[in-house]
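Here, each number is a calculation from the coordinates, and none is a lab measurement. The structure displayed is predicted, hence computed values, not measured ones. In this analysis, Cβ positions are derived from the backbone assuming ideal geometry, glycine residues included, and neighbour counts consider all displayed protein chains.
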Amino acid sequence: MAQLIAIKQHSMKHSKQLFLLITALFFVSCTTVSRQTKTEDINPSLVLWYDKPAAEWTEALPVGNGKIGAMIYGETENETIQFNEETVWSGQPHDYANKGAYNYLEEIRNLLWKGRQNEAHKLANEKFMSQPFGQLSYLPFGNILLSFPGHESAENYSRKLNLENAVSSVFYEVDGIQFKREIIASAPGEILAIRLEASKNGALNFTAGLDSPHSDYEVSVEGNQIILKGKANNYHNKTGRDGKPYPESKITFEARLKIETQGGGTAESGNSITVANARYATLFLSAATNFVKYDDISASPAERCGQILSETDGKSWEKVKKEHILDYRNLFSRVSFDLGSSEISLRPTNERLTTFYEDEDPSMVSLLFQYGRYLLISSSRPGTQPATLQGIWNNRLDPPWDSKYTININTEMNYWPAEMTNLSECAEPLFAMVEDLSETGRNTAKEHYNLNGWVTHHNTDLWRGAAPINGADHGIWPTGGAWLSQHLWWHYQYTGNKNFLQNRVYPVLKEASRFFAGYLTPYPKNSEWLVSGPSNSPELGGLVMGPTMDHQIIRELFSNTIEAAGILGIDEDFAAELKEIKNKIAPNQIGKHGQLQEWLEDVDDPKEEHRHVSHLWGLHPGSEIHPLTTPELADACRVTLSHRGDGGTGWSRAWKINFWARLLDGDHSFLLLKNLMVPSISKETNYKDRGGLYFNLFDSHPPFQIDGNFGATSGIAEMLLQSHLRDENGDFYQDLLPALPSALPNGRITGLKGKGGFEFEIIWKNKELTELKVNSLTGSKLILRYRGKILERETNVGDTNSFTLDDFK
Ligand code: FUC
């Protein structure tokens, strides 16, 4: 405890905080002993645990295999396991493009140049928006219902989620008999599996059933299987804002729950199965729909579901669990992270979160970091859909923002940690979605702009909508695809995979660039400049010409396309054309308050605290602004961030962690992390900009949005390693501990990845780098930078280079 107080004292700024800390410590010292027996096996960086069942959905614990997601409440008497399958959406294959919209493009531009924004909005809303005005939504599938008669009086209760093996569990006692539940979502098995155990023969008695929130479904029992068949509800609003109906839902689905017991017997009771006097039971759930691809829904859910479930025939729980753990650990265990812990770290997760602002327990930081990796592995695997606004976990038929893909920040943020935290494979669904959009976005480019190439606006859905939705004052933002396609390029930079560059990255980049080469338009006030528009600076200020963010994104898109063409030795003329256009794109400008200008005109309001800080894209995730390369622009970013403040929605706080890390200010970055790691006081329907975390550590916009989890993981990684700057030969600097916060003076991380193809083990003590190991994955030149000192090494594939602090003196 003395050590803990010493660690924390430096951060005590106010006596109120001190009082809260003392209260927390007193509480801890009273409760630690009684909990020690239960918590001795808990690694506080890798386990979420609670001493009560979840009181609401955002306290339930998530599992997922990329396809199926489930939320476990851990109730003793009436347990609900709410589950999703990633292709249950409203709607059907649909092209949202508005035929002939391009006829109004020039008129909208002219109105904007004349300062007649309201008229531009009106015309664009009438003539330029998607058909219908909105997109469709991701929906829940159903619930596994388990009732255990007599278990309402359970004692010695705990429930856990172990990130080390992706097993969620529940333990309790009833009349001296111990009961244990384990739940996994297995990617190799494509199933959800539940194991129920009693410590005494014959003591396990329960009834299992299935239901669904959709209106059109039926449940039946066949032998030891419960079968749920249904059809997705129509979109929750009948018509879009334009009064036109949404496409009818045509997704059909089926789930099967198979129950196997050891000891005891099973009996059909209505639409459920009752198990009596058993010792163990294993439940396997398969779930599938008719979805094949954004333009094809011809699969048979029954066939798929039966096929997946039949793979479990004759397989023991132990075998299924072992396969799952092996598969999961292959991804998860690539990165280990230790920031130290103390007695307070052993408290239940909700209590740790409640006092984090005061105690700054470093192991909560490593837990949140690893939780982000866990959530990505659980919601996004090769061959699955990308993580939506809620990953893969949604219990509502009218989810916030349809639980779809918002591309003006949120979807990209979901994938920021993928490469750096050694989960490259988990970004594959994003790459596949970008490829789909490069197909559907062609027609949008044609109908809305009369241009070749492809374009995507600020949202998409399962049907790969690419046209501008909702309203002109935020929906017309054409750089969604330009941003997304850079994720494929970044994958190339991390892996050096030339086949991937040639076959998957370049076609997408080239056609996105082709669109913008035709799209940019001269700036009437300065004919040297080309600008974007009509567009928005998400989601502030309405429809405009020339928002800064667009220019930053398009510049980097062109640079990447030019470089890719050079590496592949193709399209020389096209690359030369892009280079010429790129040099004319309106540059970043510093305004009268010293801020980075969000628009062409110097009209930023220093009191504006809007959640989006779009015009800092060039600082993060872009790389054209940095304190070492463009110090004045970096200063201007600092001014902008000071105007916007240190609050905002969950994801906004997460973005600011990354911004401050890129500005090499670890303590400010950590302040934003702390501001993100406060208990969310808001219920699901409160959309105010308050941020925070729910007790299951899901990030809160509010309501729940997963981007903040992924953005926090990425921000923590950015504190420890950055590799986006390059020397004159194009080799990447590996900046070590570039923004280490003083609150994290000691630590060890293994497996972080840097661009150029390197894998790092970094150890630091008393805020100083002490040991470093670097594996070379591609044989690139290694350039390390620490506190201004640069070390260069030629490497071969497979080399491990070791360094100590002395090497940097
Ligand atoms: C953007 C944001 C909102 C929210 C939504 C899903 O529209 O501005 O804050 O995150 O996406």
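Only one of the numbered conditions (1) free of Cβ contacts under 8 Å to residues at least 24 places away in the same chain; (2) outside any loop (DSSP other than H, G, I, E, B) is violated by L228, and that is (1). Of everything in segment 576-628 that is within 16 Å of the ligand (Cβ to nearest atom) and surrounded by fewer than 21 Cβ atoms within 10 Å (Cβ to Cβ), the residue that is farthest from W416 (Cα to Cα) is E608.
Of all the numbered requirements in (1) away from the ligand (no atom under 16 Å from the Cβ); (2) in a loop (DSSP other than H, G, I, E, B), I344 misses one, and that requirement is (2). Go through segment 274-307 residue by residue and tally those that are outside any strand (DSSP E or B) and either within 27 Å of the chain's Cα centre (by Cα) or at positive phi (or both). Final tally of qualifying residues: 6. Within segment 238-271, the set of residues being outside any strand (DSSP E or B) and closer than 30 Å to G471 by Cα comprises K238, G240, R241, D242, G243, K244, Y246, P247, E248, S249, K250, I251.
Which fully enclosed strands (runs of 3 or more DSSP E) of segment 520-573 have 2 or more residues being polar (S, T, N, Q) and buried (at least 18 other Cβ atoms within 10 Å of the Cβ)? Ranges flagged: 535-537. Restricting to segment 382-392, name every residue that is crowded, with 23+ Cβ neighbours inside 10 Å and either among the hydroxyl-bearing types (S, T, Y) or within 15 Å of the ligand (Cβ to nearest atom) (or both). Within segment 382-392, P386, A387, T388, L389, Q390, G391 qualify.
Kindly provide the set of residues from segment 395-417 that are assigned to a loop (DSSP other than H, G, I, E, B), away from the ligand (no atom under 13 Å from the Cβ) and of a type outside the set (D, E, K, R), ordered by number. Within segment 395-417, N395, L397, Y415 qualify. The set of residues in segment 761-779 that are among the small types (G, A, S) and either in contact with a helix residue (DSSP H, G or I) (Cβ under 6 Å, 6 or more places away or on another chain) or buried (at least 21 other Cβ atoms within 10 Å of the Cβ) (or both) contains only S776. A Cβ distance below 7 Å, combined with a sequence gap of six or more or placement on separate chains, defines the contacts here; from segment 142-168, residues that are more than 30 Å from F337 (Cβ to Cβ) reach residues that are of a type outside the set (S, T, Y) and in a loop (DSSP other than H, G, I, E, B) in the pairs S147/E77; F148/E77; H151/E77; E152/E77. Scanning segment 301-322 for residues that are more than 18 Å from W89 (Cβ to Cβ) and surrounded by 14 or more Cβ atoms within 10 Å (Cβ to Cβ) yields A302, G306, I308, L309, E311, T312, K315, W317, V320, K321.
Does any residue of segment 704-719 turn out to be crowded, with 24+ Cβ neighbours inside 10 Å, in a loop (DSSP other than H, G, I, E, B) and within 16 Å of the ligand (Cβ to nearest atom)? Looking through segment 704-719, at least one residue is crowded, with 24+ Cβ neighbours inside 10 Å, in a loop (DSSP other than H, G, I, E, B) and within 16 Å of the ligand (Cβ to nearest atom).
Restricting attention to segment 500-512, does a residue exist that is part of a strand (DSSP E or B) and closer than 26 Å to D573 by Cα? Within segment 500-512, none of the residues are part of a strand (DSSP E or B) and closer than 26 Å to D573 by Cα. Residue count for segment 629-639 under the criterion of being out of contact with any Gly (no Cβ under 8 Å at 6 or more places or on another chain), under 21 Å from N675 (Cβ atoms) and surrounded by fewer than 23 Cβ atoms within 10 Å (Cβ to Cβ): the result is 1. Scanning segment 168-221 for residues that are among the charged types (D, E, K, R) and not in a strand (DSSP E or B) turns up D175, E190, K200.
When segment 469-493 is limited to residues that are more than 22 Å from G541 (Cα to Cα) and of a type in the set (S, T, N, Q), the one that is surrounded by the fewest Cβ atoms within 10 Å (Cβ to Cβ) turns out to be Q493.
Suppose the filter is among the basic types (K, R) and either under 28 Å from P429 (Cβ atoms) or surrounded by 16 or more Cβ atoms within 10 Å (Cβ to Cβ) (or both); does K293 pass it? Answer is yes for this residue.
State which residue is farthest from the ligand (Cβ to nearest atom) when the search covers only segment 691-703 and only residues that are among the aromatic types (F, W, Y) and over 15 Å from the mean Cα position of the chain (by Cα).
F695
Of the strands (runs of 3 or more DSSP E) lying entirely inside segment 752-809, those carrying at least 3 residues that are in contact (Cβ under 8 Å) with a residue 40 or more places away in the chain and not hydroxyl-bearing (S, T, Y) are 782-786. Filtering A432, A466, A445 for residues that are in a helix (DSSP H, G or I) and crowded, with 23+ Cβ neighbours inside 10 Å leaves a single hit, A445. Within the set F356, F337, the sole residue that is in contact with a helix residue (DSSP H, G or I) (Cβ under 7 Å, 6 or more places away or on another chain) and assigned to a helix (DSSP H, G or I) turns out to be F356.
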